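Novice: First, the structure itself, so that you have it in front of you.
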Amino acid sequence: MSKVYKLAIIGCGGIANGKHMPSLSKLDNVEMVAFCDIVEERATEAAAKYGAEGAKVYTDYTELLKDSSIEIVHVCTPNDSHADISIAALEAGKHVMSEKPMAKTAHDAARMAETARRTGKKLTVGYNNRFRPDSQQMKKVCADGELGEIYYAKAHAVRRRAVPTWGVFLDEEKQGGGPLIDIGTHALDLTLWMMDNYKPKVVLGQSFHKLSQRENAANAWGPWDPAKFTVEDSAFGMIVMENGATIVLESSWALNTLEVEEARCTLSGTEGGADMKGGLRINGEQHSRLFTKEVDLKAGGVAFFEGNAENDADLEMKMWIKAIDEDTDPVVTPEQALVVSQILEAIYESAKTGKAVYFN
C-alpha cells in the first residue's frame, strides 16, 4: 500500500471549501488531520466534514506547525499572510501549497522561494487553470513546437461586472490589489507557462478606479460598497521579455465591455497561433491557404499530465501529491510563480509612477 500523507489546512474559508478540501478528500493517499482558522467555528466545521478521525482544530497556525506528524500544509489565507505562514511551514519541515498569488509582494514571494531551496521542501502555488483540458492541450501544442517561436501573446482576465463583495477582496492592505492580482495572476501564469518564457525585460502598466465608486452598481454578487472598494477595478500591462516577445495583460472586475474572458490566453507564433475562445482553436497557414482548427476536447485525448481526474482542481491536487510522492518538481514551481508576482508588482508600480519598470 502506498504511503498516506498527513495534511493540514490553514485558512478554512471560501477557497479551501471550494477547491482544496473537496479535491483532497478524493485522494486515497491523503488524510486531512489538522484545520486552522482565526474563526474557530470554520475550522471545526471543516474538520467535521473533511477531517480524518481525531483531526485537530487550531486558531493559531504556529501551534499547528509544532505537530511533527504533519507532512504537507495548504495555505488558503488572504494574500498578505501567504509568505509568513508558508515560510514558517517550510522551516517546520512541511511541504507547502500556497494559494495564488504566491504572495502580496514580490519580495515576500522571493523569500518563499529562497526558503524552499534552503530547506529542500517542496513549494507550489495554486494556479489550477493549468490543469484544464484546454490548457493541457494548448501546452502540448506549444511544447511540440507547432506554433514555432511565440513572440506575441494576450493574457485575458476580463469580467464585465463581477466584483467579489465578500471577504477581503476589496481591501488593498490585505490583498495587495484587485483584479490584477486576483484573476490577472491566473491569466499571466498561463501565458508565461505556454510561452515557456520567464525572463521579463520591461513592464508598462496602468490601473483604473473608474467604476469602483458607483453607488448601487449592477454586479453579479450585488452592489459593492464604494467606501470599501480600495483596490483598482481594472488594470492593464504590456510586458516585453528579454528576447523581445511581448505580452499584453488585461484584467478587470468591472468594465464596460462585451469581450469577457477569464484565465485565458491568445498566442501568436512564427508557425501558427492559438486561442481559448469557446474551447481551443489553432490557426495557421498551409499550402498557401489559411486554416482554423477547433480542437474537440471531449474526444478523450491524451492528457498532458499523467492520469485522469474529474476537474482541474482534482488533477491539480493529484499531481501535487504525486510530485511529493515521487520526489519530482511540482507542475507549478516557486521560481515560475515568483516571476508572475514580480511582473504584477511592476505593473502596479508603473501605474503609480507613470514610468516603465525595468528588470535587471
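Novice: Looking at segment 254-261, can you tell me whether even one residue there is buried (at least 19 other Cβ atoms within 10 Å of the Cβ) and touching a Leu at 6+ places or on another chain (Cβ under 6 Å)?
Specialist: Looking through segment 254-261, at least one residue is buried (at least 19 other Cβ atoms within 10 Å of the Cβ) and touching a Leu at 6+ places or on another chain (Cβ under 6 Å).
Novice: Among the residues of segment 165-174, is any among the aliphatic types (A, V, I, L, M) and over 16 Å from the mean Cα position of the chain (by Cα)?
Specialist: Yes; the residues of segment 165-174 include at least one that is among the aliphatic types (A, V, I, L, M) and over 16 Å from the mean Cα position of the chain (by Cα).
Novice: Could you name every one of the helices (runs of 4 or more DSSP H) located completely within segment 121-199 that has at least 2 residues being buried (at least 18 other Cβ atoms within 10 Å of the Cβ) and of a type outside the set (S, T, Y)?
Specialist: 133-143, 185-195
Novice: Which count do you get for residues in segment 45-83 that are in a helix (DSSP H, G or I) and within 12 Å of I10 (Cα to Cα)?
Specialist: Residues flagged as in a helix (DSSP H, G or I) and within 12 Å of I10 (Cα to Cα) within segment 45-83 amount to 8.
Novice: State all residues of segment 12-28 that are open to solvent by 10 Å² or more (accessible area, probe 1.4 Å) and either more than 24 Å from the chain's Cα centre (by Cα) or of a type outside the set (S, T, N, Q) (or both); if no residue qualifies, say none.
Specialist: G13, G14, I15, G18, K19, P22, K26, L27, D28
Novice: I would also like to ask the following. Tell me yes or no: at least one residue of segment 85-95 is of a type in the set (A, V, I, L, M, F, W, C) and either assigned to a loop (DSSP other than H, G, I, E, B) or on the phi > 0 side of the Ramachandran plot (or both).
Specialist: Yes, segment 85-95 contains a residue that is of a type in the set (A, V, I, L, M, F, W, C) and either assigned to a loop (DSSP other than H, G, I, E, B) or on the phi > 0 side of the Ramachandran plot (or both).
Novice: Please find, among V96, V4, V75, the residue that is of a type outside the set (S, T, Y) and more than 28 Å from A187 (Cβ to Cβ).
Specialist: So the residue among V96, V4, V75 that is of a type outside the set (S, T, Y) and more than 28 Å from A187 (Cβ to Cβ) is V4.
Novice: Only one residue in D80, D37, D67 is charged (D, E, K, R) and out of contact with any helix residue (DSSP H, G or I) (no Cβ under 8 Å at 6 or more places or on another chain), so which one is that?
Specialist: Being charged (D, E, K, R) and out of contact with any helix residue (DSSP H, G or I) (no Cβ under 8 Å at 6 or more places or on another chain) holds for just one of D80, D37, D67, which is D67.
Novice: Limited to segment 264-290, what total is found for residues that are out of contact with any Gly (no Cβ under 9 Å at 6 or more places or on another chain) and open to solvent by 10 Å² or more (accessible area, probe 1.4 Å)?
Specialist: Total meeting the criteria: 10.
Novice: Consider A337 carefully, then state whether it is more than 16 Å from the chain's Cα centre (by Cα), modelled with pLDDT of 95 or more and small (G, A, S).
Specialist: no
The values are calculated or read from the model by the stated rules, or taken from the named source; none is laboratory data. Treat the numbers as computed from the prediction; the structure is a model and nothing was measured. Every residue, glycine among them, receives a Cβ derived from its backbone with ideal geometry; neighbour counts consider all protein chains shown. Remember, those area values only see protein heavy atoms, side chains included, never the ligands or the DNA or RNA. Shrake-Rupley method; radii C 1.70, N 1.55, O 1.52, S 1.80 Å.
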